[in-house]
Amino acid sequence: MLIIRNPFIINGYISPAYFCDRKAESEMLIRQITNGNNTALISTRRMGKTGLIRHCFQSKEIQKTYYTFFIDIYATKSLREFVFALSKEIIESLKSSGKKTIQTFWETMKSLQASLTFDFNGNPSFNLGLGDIQSPDATLDEIFHYLEQANKPCIVAIDEFQQITNYAEDNVEAILRTYVQHCNNAHFIFAGSQRHIMGNIFLTASRPFYQSVSMMHLESIPLEEYIKFAQKHFKEAEKNISKEAIEQIYQYFEGITWYMQKVLHTLYDMTPVHEVADVSMVEEAICQIIGSFQYTYSETLFRMPEKQKELLIAITKEGKASAITSGAFIKKYRLPSSSSVQSALKGLLEKDFVTQEAGAYQIYDRFFGLWLQRNY
C-alpha cells in the first residue's frame, strides 16, 4: 500500500485525491478523445499537462475501454529514439493486461532484436535497448499495425511533441501524420510547451498536421480552487494555511502548477500539527527551496558563456523582456550589441534557459530566476 506523507505531489501522478481541480479541462479532453478526435494540448512548461493526461487516463470512461500509452519525448533526438520510447511504453503498459495481450504485441514486432520470456506465473521479462531498434521505419510501421489491430481502442499521448521538429530526419512530421491519419483504432494527444512551435505544426497550411487536431490550451488553475485544495489537505493533517499565504505563492509564480505544488509541499513539511502556515513562512519556504538548488545554479552560471550569462541576468531582472535587441534594452543592461544579444539568445533558447511567448522572453526556471535576482 502506497503511503502518502505529503499530499502536495511534485513528481508524477498518484490519484484524483491529490490532483487539484482541472474538472472542465478533464471533461473536455476525455470528451475529445472518446469522440474520436486527436487533440493538441498546449501550455507553458510545468503547468500540469502530464498530470492532466494521467488524471484522464485514470477516469472510468478511459480505463475500462482503452489501452493508454504515454511517452515524454523531450530528451529524444531522432526517429529511432522516438520509436524506442514508444515501443518500451507499450510493452510496459501491456504487462498488466495478461500474457496473451503482450504476446500479441510482441509477435507483431518482428523487427525488434530483443527477446521476450515469461516466468512460471506468466509475468513477462524483456530487455529492450535502443540498439534493438535496427530499422526505425519498420518498427514504427509494426507499432501502428498493432495499434490498428489491438483488441481495444488505444490512446497515445506524446508529451513535448514539438521535439520532433529538432530530429535528425527532416520528414518525421509527414511520416507520423500519415500513420496517425490511417489509424482508426487509436487516438492521439499531442502535448507541447513551446506554443509558437506547436502552433506552427498544427496551424500552418503547408505542414502535414495542419487542421488535423482539436486545440486545447491549458492555463493556470484558478486561485480559488487552489485555496480550497491546499486548505483541505492541511486541515486533514490537523494543520492550517492562511488564504493570504496561498495568494502570495500564486502571485509569485503566476499560478504555475509545479511551483505552487513545490512551495506548498515545503510549507506542509515546515508546519507543525495544530499550527498555521502564514505569509511570513512563504518567503522562508522559497529561500529553503532556492538554497537546496544553490550549488546547481552556481555551477550552471559558471559554465555559461559570458554573453549568455549577461543576457540571462538582464531578462531575469526585466521579468518579461520584449524588444531585447533594441538600443534601449541594450543600454539599460549594458549589453555589448544587438548581434551579440541575438547570438546569446539563440543559445539560451536552445538550452531551454529562457522561453518565448507572445514576443516576450522569460527565464524558464522561476527558482533560478529568483536566485539570480537576489545574487546579481
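Quick note: the coordinates plus some simple rules give every number you see, no bench work behind them. All values reported here derive from a predicted model rather than from experimental measurement. Positions of Cβ are generated from backbone atoms using ideal geometry, with glycine treated the same way; all protein chains shown enter the neighbour counts.
Hey, got a sec? Which GluC sites (Glu not before Pro) in the stretch 273-311 land in a DSSP loop and have at most 15 other Cβ atoms within 10 Å? Spell out each step's value before the answer.
On the way: sites: Glu275, Glu283, Glu284, Glu299, Glu306, Glu310; in loops: Glu275.
Qualifying residues, ordered by number: Glu275.
Once the convex hull of the C-alpha atoms of the stretch 231-337 is built, how many Å³ does it hold per residue, rounded to a whole number?
Working: hull volume 12.4 nm³, N = 107.
About 116 Å³ per residue, rounded to a whole number.
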For the stretch 51-57, take each phi angle, set θ = phi - 60°, evaluate the Karplus expression 6.51 cos²θ - 1.76 cosθ + 1.60, and give the result in whole Hz per residue in order, putting x for glycine and proline.
x, 5, 5, 4, 4, 5, 5
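So for Asp352, Asp159, Asp141, fewest C-beta neighbours within 10 Å to most, what's the order?
On the way: Asp352 13, Asp159 19, Asp141 16.
Fewest-to-most ranking of Asp352, Asp159, Asp141: Asp352, Asp141, Asp159.
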Which of Lys77/Lys332; Lys77/Lys320; Lys64/Lys88; Lys60/Lys95; Lys99/Lys152 exceed 27 Å between C-alpha atoms? The answer is Lys77/Lys332; Lys77/Lys320
Within 10 Å of each residue's Cβ, count the other Cβ atoms and sort Thr300, Thr316 from fewest upward.
Thr300, Thr316
Starting from the stretch 56-101, pick out the chymotrypsin sites (Phe, Trp or Tyr not before Pro) whose DSSP state is loop and whose Cβ has at most 14 other Cβ atoms within 10 Å.
Tyr74
Taking the Cα atoms only, what angle lies between the long axis of helix 366-375 and the longest principal axis of the chain, rounded to 10 degrees?
30
Using only the Cα atoms of the stretch 305-376, each taken as one equal point scatterer with no solvent, compute I(q) by the Debye sum, divide by I(0), and report log10 of the ratio at q = 0.20, 0.21 Å⁻¹.
-0.75, -0.84
Qualifying trypsin sites (Lys or Arg not before Pro) for the stretch 74-169 [loop in DSSP, other Cβ within 10 Å: at most 11]
Lys110
So how tilted is helix 243-252 from the main axis of the chain? Cα-based, degrees 0 to 90, rounded to 10.
80
Check which residues have an amide H placed less than 5 Å from Ala277's amide H, if you skip close sequence neighbours.
Asn240, Ile241, Ser242
Working from Cα positions, state the angle (0 to 90°, nearest 10) between the long axis of helix 172-181 and the longest principal axis of the chain.
60
Using the Kirkwood radius built from alpha carbon pairs, what does the Stokes-Einstein equation give as D for the chain at 10 °C and 1.306 mPa s, in µm² per second?
69
Mean separation of Cα contacts under 8 Å (at least 6 apart) over the residue count of the chain, i.e. the relative contact order in percent, is 17
Share antiparallel - DSSP beta bridges, the chain, percent rounded to 5
30
